[in-house]
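The values are calculated or read from the model by the stated rules, or taken from the named source; none is laboratory data. As the structure is a computational prediction, the values presented were derived from the model and not from experiment. Note that each Cβ is placed from the backbone with ideal geometry, even for glycine, and that neighbours are counted across all protein chains shown.
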Amino acid sequence: MAFAKCFYSLLPLLVIFLAIQPTLSNAQNPEEVINKICRSMEEFGFCNQTFHQNLRSPAATVADLAQITIEQASSNATNTHAFILNLLSETTEPALKNALTECENAYKIVGDSFQRALVSFNNKDYDGMRDAERDTPRAEASCTTTFNTPPNPVNPLDDRNRQMRILIAMAVVTASELTS
Ligand SMILES: *[C@@H]1O[C@H](CO)[C@@H](O)[C@H](O)[C@H]1NC(C)=O
Ligand SMILES: *[C@@H]1O[C@H](CO)[C@@H](O)[C@H](O)[C@H]1NC(C)=O
């Protein structure tokens, strides 16, 4: 009897604890989350620097980090897409022209995908965001592969492809952190 009374008087507390407990465990230290994400990247420094340069608050959440990856990936894709169009307009060499055309298509896909990811993010549809990003690694890779295929034209996008690849990996890993 005493036990039952005690139990029922504690029940509201238990309910409150269970209700807030998931929020507590989600409130991770941003520095730890950044380290965790960036340790799985090919370049820790570029990843860490990109997050830190764009952090709006020291109390950033995983969603804030996901937003940073989408914004940086979008802007890289848009800039490089314009850069490729410009190169294409000046290129007459057929092998290079073919490769650049492949890359123009790849960066268009990457840019469009991150636009869709941003719309989903803004609707707090994080599963939709993750799904929108899903095809970006393969699209990006097609631009690297085309330059590694005979006749192996000199690749004017090497450094941009490397940065794009890391930004995409950051986005995909952060999205899976957010939706896990
Ligand atoms: C990540 O970058 C920040 C800001 O530049 C720096 O303070 C921090 O030490 C870096 N993290 C690691 C593990 O190097
Ligand atoms: C790509 O993103 C990185 C990280 O935000 C930035 O430093 C770099 O200038 C961007 N490059 C282009 C071509 O937009």
Margin query: Given the options Asn98, Asn122, Asn54, name the one that is surrounded by 14 or more Cβ atoms within 10 Å (Cβ to Cβ) and free of Cβ contacts under 8 Å to residues at least 24 places away in the same chain.
Written below: Asn54
Item checked: Conditions (1) in a helix (DSSP H, G or I); (2) aliphatic (A, V, I, L, M); (3) at pLDDT 95 or above: number failed by Ala19 -> (3)
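Every residue, every condition in (1) touching a Phe, Trp or Tyr at 6+ places or on another chain (Cβ under 6 Å); (2) more than 17 Å from Ile168 (Cβ to Cβ); (3) modelled with pLDDT of 95 or more, yes or no:
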site	(1), (2), (3)
Leu11	no, yes, no
Val33	no, yes, yes
Cys38	yes, no, yes
Ile70	yes, no, yes
Ser74	yes, no, yes
Leu85	no, yes, yes
Cys103	no, no, yes
Note to self: Please determine whether any residue of region 57-78 is under 18 Å from Leu167 (Cα atoms), of a type outside the set (Lys, Arg) and touching a Cys at 6+ places or on another chain (Cβ under 9 Å).
What the structure shows: no
Next item on the list: Scan region 34-48 for residues that are under 14 Å from the mean Cα position of the chain (by Cα), more than 17 Å from Thr179 (Cβ to Cβ) and part of a helix (DSSP H, G or I) and jot them down.
Entry: Ile34, Cys38, Phe46, Cys47, Asn48
Checklist line | Residue list for region 49-95, restricted to those being within 16 Å of ligand 1 (Cβ to nearest atom), hydroxyl-bearing (Ser, Thr, Tyr) and either touching a strand residue (DSSP E or B) at 6+ places or on another chain (Cβ under 6 Å) or assigned to a helix (DSSP H, G or I) (or both) | finding: Thr50, Thr69
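Take region 135-148 and flag every residue that is in a loop (DSSP other than H, G, I, E, B) and free of Cβ contacts under 8 Å to residues at least 24 places away in the same chain. Before the answer, list the steps.
Quick first cut of region 135-148, residues in a loop (DSSP other than H, G, I, E, B) only: 135, 148.
Asn148 - this is the single residue of region 135-148 that is in a loop (DSSP other than H, G, I, E, B) and free of Cβ contacts under 8 Å to residues at least 24 places away in the same chain.
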Margin query: Within region 134-171, take every residue that is farther than 16 Å from Asn105 by Cα and more than 16 Å from ligand 2 (Cβ to nearest atom) and give me the one that is surrounded by the fewest Cβ atoms within 10 Å (Cβ to Cβ).
Written below: Pro150
